[in-house]
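Shown next, in structure tokens, is the structure this report addresses.
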Protein chains: 4
Amino acid sequence: MAGKINVGVIGAGRIGRVHAENLAYRIPGAKLVAIADVVAEAAQKLAADLQIATVVQDYRAILADRTVDAVVICSSTDTHAQVITDAAAAGKHIFCEKPIALDLAKIDHALAAVQKAQVKLQVGFNRRFDPSFRRVRELIAAGSIGTPHILRITSRDPAPPPISYVKVSGGIFLDMAIHDFDMARYLMGSEVVEVYAAGNVLVDPAIGAAGDIDTAVTTLYFANGAIGVIDNSRQAVYGYDQRVEVFGSGGMALATNKTPDSVVQSDAVGVHAAKPLYFFVERYAEAYVAEMREFVQCVREDKRPSVTGVDGRIPVVIAYAAQKSYAEHRPVRLEEVDRR
Amino acid sequence: MAGKINVGVIGAGRIGRVHAENLAYRIPGAKLVAIADVVAEAAQKLAADLQIATVVQDYRAILADRTVDAVVICSSTDTHAQVITDAAAAGKHIFCEKPIALDLAKIDHALAAVQKAQVKLQVGFNRRFDPSFRRVRELIAAGSIGTPHILRITSRDPAPPPISYVKVSGGIFLDMAIHDFDMARYLMGSEVVEVYAAGNVLVDPAIGAAGDIDTAVTTLYFANGAIGVIDNSRQAVYGYDQRVEVFGSGGMALATNKTPDSVVQSDAVGVHAAKPLYFFVERYAEAYVAEMREFVQCVREDKRPSVTGVDGRIPVVIAYAAQKSYAEHRPVRLEEVDRR
Amino acid sequence: MAGKINVGVIGAGRIGRVHAENLAYRIPGAKLVAIADVVAEAAQKLAADLQIATVVQDYRAILADRTVDAVVICSSTDTHAQVITDAAAAGKHIFCEKPIALDLAKIDHALAAVQKAQVKLQVGFNRRFDPSFRRVRELIAAGSIGTPHILRITSRDPAPPPISYVKVSGGIFLDMAIHDFDMARYLMGSEVVEVYAAGNVLVDPAIGAAGDIDTAVTTLYFANGAIGVIDNSRQAVYGYDQRVEVFGSGGMALATNKTPDSVVQSDAVGVHAAKPLYFFVERYAEAYVAEMREFVQCVREDKRPSVTGVDGRIPVVIAYAAQKSYAEHRPVRLEEVDRR
Amino acid sequence: MAGKINVGVIGAGRIGRVHAENLAYRIPGAKLVAIADVVAEAAQKLAADLQIATVVQDYRAILADRTVDAVVICSSTDTHAQVITDAAAAGKHIFCEKPIALDLAKIDHALAAVQKAQVKLQVGFNRRFDPSFRRVRELIAAGSIGTPHILRITSRDPAPPPISYVKVSGGIFLDMAIHDFDMARYLMGSEVVEVYAAGNVLVDPAIGAAGDIDTAVTTLYFANGAIGVIDNSRQAVYGYDQRVEVFGSGGMALATNKTPDSVVQSDAVGVHAAKPLYFFVERYAEAYVAEMREFVQCVREDKRPSVTGVDGRIPVVIAYAAQKSYAEHRPVRLEEVDRR
């Protein structure tokens, strides 16, 4: 495809703004042409900030625009599957935020629509585009640490979401750990076959009252025999804690947090350095640009995105298994929750 | 007790040599007076190196010596309980390497003998005396990280022991992870109530053939609701990997490995630093001195050691639970394996 | 000034491209409208890449365009003073790469033109906008390290420039260390009063043959009594080495290099991490955006840039003093080379 | 020499205690047999602590004892040369704290006595035995960083000595920087040929009133063309700051400070680590053992110590040159102060 592709952003919330700004300023191959949000003011505000002319409340208006090549779906999770299905039917290429849906049947329906329409679909597992995690993956793929034996992922948010959000989020495994389940597959290059999830309510009793937990330690068995463990917390007071470590027969690769500066201050009390970047917008700023750059490039050059619909589906299955494991207090195999 | 105490070392193997050298050169309050080993040459060699006159094959000769105040038991694990019992009966204060025994009944019998004789017993959980782990414990005890939520321990040996040793070791949980179970209790200040152990044979099939595993990821539930995870491997090619991390409501404290130097070398390939110290003799050199210093001080000043017989017993119970969990592929509560 | 300002870039070389790309994609308040270069192909290539319509060979065509609000001068150093003078006369606001000129009289002439025209002038000391160096400055300004006593700057390039460039560069002090002289003033908040420069040809004899040195260690006395030292090399094989350290009565603040990732790899050989980012385009990518953002904001909001014409002049004086010190093998006071 | 050598310690002050304790407990090849101090109480206290029978006020009593093989001279600097001369005449091997004397003629007289008596003399440049500095030296010697171009040494004490000591210390160059001058020679494997010393009184005006400075930045030219810089301060509030860095054609090796633990604490304020070890007794504890172990080994095996009398002399010459440079405000060549 010569020239820029025209892109519409559907959903003008926090992550919609991230993608819209990147499309407007950071991705030379794309032109942001339209913004949709069911909340008209949100769409108008974002469009005004970025000087985008087309603002709509109903995303179908964007789908009806024949000059639009692709859409970026940032609306609420419960709408993703329907928007994907509609966008595919309209022949638009699709970038969709994770998760595709909280329901496997809906995911499969959406993926079928994508398959039928032969449009591209990339799922927003942005962390795969973080330079440090990518480097760990490269080291593993290159055999630099030998055969992987143990995976450790630490993934802790700086603060829990509002309880209103917790209630509709699908729970810690589908909402938060899903990123880590994807990271586990990405780093190890092997599928998860069994999950054991321990968890508790330690951060805020209100999260427990909402039917969720806020602290989890999840053990994964991989098809290749390796073992992984993910620890999640909804609240790390020192900021977004995102670390991975892969240990293997030939060594270890680990990626630590990213900080706003490299300054070390020594005084009579101790030696001090900056906290990690606050949250995903800051930590993964580069990764959001890189994933959108790849999506736009795939559309322009008719290539397959590296994060596909299936990559969007499997972490949901793992999350299901984790939920069941926690509920039933026993290890759960993935085939127990996905009889496809 | 005024003046130095007289100490006999029972067992002249690798760890016996460590303690003997420390007693000879590093602990002003103690005088190493005798060395015993069933292998006469081993005892003679060590005694010659340290210029100790009394060398015996049968440890009971040391127990019979009324001038000996205390013994340091470094013989093979299967002898510990009997030597403790005999030493207690002889009125000697006792420092015993871990584990006390692989059998709870034997441990309870030995502890009863100590209790009856009113002698001091310190168990050799040397890692508690590592300055970094001790500092983490102090931070937690001081409330500097708030209420603990998640504990992570990485404990990997540089190379597996001989298969002949693996066969009699009691298995990875009793032989190796037992140190980590003690560390977990020490750091968290709360008891473990349930264990889930995942594991595999990834390092060497011969370890599997010997009935053991070489890689383990063990999840712990603590009485206070916190969750811990320990990952073990019998072989880290980069050296002894001993790290702990405690995450809580107010922050995180982590302790990393110790290196032989602080040199950073940059060249056209990358930036390079030293590997961790090779194994326990190097990594815990200071800790071995510190634990023995405490033991000698407790004997001299009639104080209670900070690592007691009960501290020697509980990690064995946790190891039992881990073994059962791995064998039965389910979480196991400690009371299932310790119906005392 | 409401709306975006129109900016022309003069000089389409390496640094011209950096600024043009940032103006095109990263600075919402600016619109890049024209590119000039005496080498027509260079201007055309850059304009085509960024889809800019106006391309000229003679920068005066840009100055003649009444819709242009500001120019960014990235042409060769020997043209800076003349372009500044012309741009000021045309009423354009000016961002100029360092150094303004290699000749103090020319600098003073250009600054007088700026003064007379009452346009804004910002000099491209990009390192002041590096988040880590900025943080060090903030710590010093906040008194966090007390009264500064010792400043250390390490500034080493990854590879020397072509000998053809060395010959016209003005020498290591005016071409390379000038950034460090500015950094010294910026961090310390005090003026340099005396310089002693040691140096040698150690990297490449051809640099010596061209009349320059490639290695320098320069001592600075500040008006406040503090002492600074800068070490420069034209070739650090491990990449761009840019570190600062300020030590004072209350402690120390230091900023280390920036790396492409945070990955640490351990293997049987050692522990390995990434080299620093290769050179200024990579290391100061954010800083280039930030300085241009400030310039555009100053123009739009009629504010005074934080890096002024005088800030462009003083490091040239320090460089003169360093040259004289090296040549005469003695400490040189700034007033010896600047009798204004 | 079979068996242990008998050693007497002359001078029971702070450093005398360090050496005496090491000889008593850490050096199997030596037996500490006597302690001398002009202050009888000091000698008695130290001897009592270490259970040494022979305590004298006049060191000549130790020299007269034919069973004594070697002496360790830790008395005040002004006595070193005389004690060396007497000890050599008595045929004792000599370990002497630095500096040998503040006067070159005295040094030469003492070295001549050593030469004539053919006894061994090791000077107490303990830092050469620090594992990190030693590792840097090894890397350089192995060519791992190519040809050395730039040396940087940071050497800052945690607190200034009493003013009474400052007055008799010989000044910052002879008293403090002398260690760094030795380190420079040790690391670079090349002799210093010229010195330029900048300095000031920034820590305490009383130090200035006593005729000394408390802050210095000293540039060194080496015979091989490399350039070095040492920065000294009498007061780093965060503890003993002892770092070296050597940069060369093939890379860089740097050694950072040593800390009491490896704990990193993260909280809502920042990320915190331990300060460097407080002062030389803590930082160089291992190095003091290692240097004495080498001395004892050299005596026992009739080998030449790696730190000789000439190594004790040259840093004094460099210190003279630095003093002269600071006083005359110009670079000074070593031959100006040492016309031997």
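The values are calculated or read from the model by the stated rules, or taken from the named source; none is laboratory data. Owing to the predicted nature of the structure, the values given are computational and were not obtained by experimental measurement. Every residue, glycine among them, receives a Cβ derived from its backbone with ideal geometry; neighbour counts consider all protein chains shown. Note: accessible area is taken over every heavy atom of the protein model, side chains too, but ligands, DNA and RNA are not part of it. Shrake-Rupley method; radii C 1.70, N 1.55, O 1.52, S 1.80 Å.
At 1.4 Å probe size, put C:233, A:249 in order of accessible surface, largest to smallest.
A:249, C:233
A simple charge model with +1 on the Cβ of Lys and Arg, -1 on the Cβ of Asp and Glu and nothing else charged puts the dipole of segment A:67-196 at about 300 debye relative to its Cα centre.
Take the alpha carbon gyration tensor of the protein assembly as shown, find the square roots of its eigenvalues, order them as a ≥ b ≥ c, and report rounded if a/c is under 1.5; if not, report prolate when a/b exceeds b/c, else oblate. Cα axes put the protein assembly as shown in the oblate bin. Here segment C:1-129 exposes an accessible surface that is 51 percent carbon and sulfur, computed with a 1.4 Å probe and the other protein chains kept in place.
For the residues C:102, C:254, C:111, a GNM of chain C with alpha-carbon springs under 10 Å puts the largest fluctuation on C:254. Comparing C:201, C:317, C:55 in a Gaussian network model of chain C, where Cα atoms under 10 Å apart are tied by springs, the biggest mean-square fluctuation is seen for C:201.
What value in Å³ per residue do you get for the convex hull of the alpha-carbon atoms in chain A? Write down the numbers at each step before the final one.
Values: hull volume 52.2 nm³, N = 340.
Measuring per residue, one finds 154 Å³ for the Cα hull of chain A.
Inter-chain neighbour count for C:133-144: the average number of beta-carbon atoms from partner chains within 10 Å of each residue's beta-carbon is 2.
Chain C residue nearest by beta-carbon to the axis mapping C to A, with distance in Å: C:25, 3. Interface residues of segment D:243-260, defined as a loss of at least 40 Å² in heavy-atom accessible area between the chain alone and the complex of all protein chains with a 1.4 Å probe, are D:243, D:247, D:252, D:254.
Shown for residue A:327: label points 7 Å from Cα along the beta-carbon vector, and their distances to the equivalent points in the other copies, 3.2, 8.4, 8.8 nm in ascending order. From helices alone, chain B scores -11500 deg cm²/dmol at 222 nm; the rule is -39500 (n - 2.57) for each run of n ≥ 4 DSSP H residues, then divide by the residue total.
The mean sequence distance of close C-alpha pairs (under 8 Å, at least 6 residues apart), as a share of the length of segment B:39-178, puts its relative contact order at 16 percent. In units of the rule-of-thumb radius 2.2 N^0.38 Å, segment A:118-238 shows an alpha carbon radius of gyration of 1.15. Calculated accessible area for segment B:224-320 comes out at 30 Å² per residue, all protein chains present (probe 1.4 Å; ligands, DNA, RNA ignored).
Just to make sure I understand: if all protein chains stay in place, what is the order of B:26, A:339, D:14, D:156 by accessible area at 1.4 Å, largest first? Can you show the working numbers first?
Numbers: B:26 75, A:339 195, D:14 150, D:156 0 Å².
Solvent-accessible surface, decreasing: A:339, D:14, B:26, D:156.
Dimensions of segment C:102-142 based on its C-alpha atoms, expressed as ranges along the principal axes with the largest first, amount to 36, 23, 16 Å. Placing a label point 7 Å from Cα along the Cα-to-Cβ direction at residue C:273 gives distances to the equivalent points in the other copies of 0.5, 0.6, 0.8 nm, listed shortest first. Working ranking of peptides C:78-90, A:84-96 by packing, defined as the average number of other Cβ atoms within 10 Å per residue, highest first, is A:84-96, C:78-90.
Kirkwood hydrodynamic radius for segment A:278-323: how many Å is it when counted over pairs of different Cα atoms? Please report the intermediate quantities before stating the final value.
On the way: mean 1/r = 0.0798 Å⁻¹.
Result for segment A:278-323, one decimal place: 12.5 Å.
In this structure segment B:23-62 gives 49 Å² per residue of accessible area when probed at 1.4 Å with all protein chains present.
If R0 is taken as 25 Å, the Cβ-Cβ distance between residue C:14 and residue C:167 corresponds to a FRET efficiency of 0.85.
Dipole orientation for segment B:229-315: of the candidates B:246, B:229, B:260, B:229 has the Cα lying most toward the positive pole (charges on Cβ; Lys, Arg +1; Asp, Glu -1). Taken about its Cα centre, chain B carries a charge dipole of roughly 700 debye when the Cβ of each Lys and Arg holds +1 and the Cβ of each Asp and Glu holds -1.
Tell me, what is the FRET efficiency for residue D:105 and residue D:61 to the nearest 0.05, using R0 = 30 angstrom and their Cβ-Cβ distance as r? Mind showing how you got there, number by number?
Numbers: r = 28 Å, r/R0 = 0.93.
That pair, residue D:105 with residue D:61, gives E of 0.60.
Keeping all protein chains in the complex and leaving out DNA, RNA and ligands, what accessible area do you get for residue A:221 with a 1.4 Å probe, in Å² to the nearest 10? Per-residue accessible area (residue A:221): approximately 40 Å².
Just need the relative contact order of chain B here, percent rounded to a whole number, with Cα pairs under 8 Å and 6+ apart. It comes to 19 percent, rounded to a whole number.
How high is the relative contact order of segment C:107-250, in percent, with contacts defined as C-alpha pairs under 8 Å that are six or more residues apart? That works out to 35 percent.
Axis angle, to the nearest 10 degrees, between helix C:40-50 and the longest C-alpha principal axis of chain C: 90 degrees.
Just round it to a whole percent: the fraction of Cα-Cα distances in segment B:80-155 exceeding 15 Å.
On the way: 1810 of 2850 pairs.
Within segment B:80-155, distances greater than 15 Å cover 64 percent of Cα pairs.
Taking Cα atoms, how many degrees apart are the long axis of helix C:77-89 and the longest axis of chain C, rounded to 10 and kept between 0 and 90? The angle comes out near 40 degrees.
Summing charges over neighbours of residue C:75, with a neighbour being any other residue whose Cβ is under 11 Å away from its Cβ, gives -3 when K and R count +1 and D and E count -1.
Computed on the Cα trace of segment D:39-81, the radius of gyration divided by the Kirkwood hydrodynamic radius gives Rg/Rh = 0.96.
How high is the FRET efficiency from residue D:282 to residue A:223, r the C-beta distance, R0 41 Å, rounded to 0.05?
Details: r = 51 Å, r/R0 = 1.25.
E between residue D:282 and residue A:223, to the nearest 0.05, is 0.20.
To the nearest 10, the accessible area of residue D:188 is 10 Å² with a 1.4 Å probe. Taking max minus min of the alpha-carbon positions on each principal axis, segment C:174-296 gives extents of 50, 41, 37 Å, largest first. Once both labels are positioned 7 Å from their Cα atoms along Cα-to-Cβ, the gap between residue A:206 and residue A:333 label points is 4.2 nm.
Quote the total accessible area buried by chains B and A together, excluding ligands, DNA and RNA, probe 1.4 Å, nearest 100 Å². List each step's numbers first, then the result.
Details: alone 15130 and 15180 Å², together 27090 Å².
Summing both sides, the interface buries roughly 3200 Å².
Only one residue of C:102, C:170, C:271 has its Cα farthest out toward the positive end of the dipole of chain C, where Lys and Arg carry +1 and Asp and Glu -1 on Cβ, and that residue is C:102. With its label point defined 7 Å out from Cα along the Cα-to-Cβ axis, residue A:58 lies at 5.9, 10.0, 11.4 nm from the matching points of the other copies, in increasing order. Would you mind checking the tilt of helix C:131-141 against the longest principal axis of the Cα atoms of chain C, expressed as 0 to 90 degrees and rounded to 10? It works out to around 70 degrees.
Quick one: dipole size for segment B:137-215, taken about the Cα centre, charges +1 on Lys/Arg Cβ and -1 on Asp/Glu Cβ, in debye to the nearest 20. Don't skip to the answer; put the middle values down first.
Working: 5 positive and 10 negative charges, 26 e Å.
It comes to approximately 120 debye.
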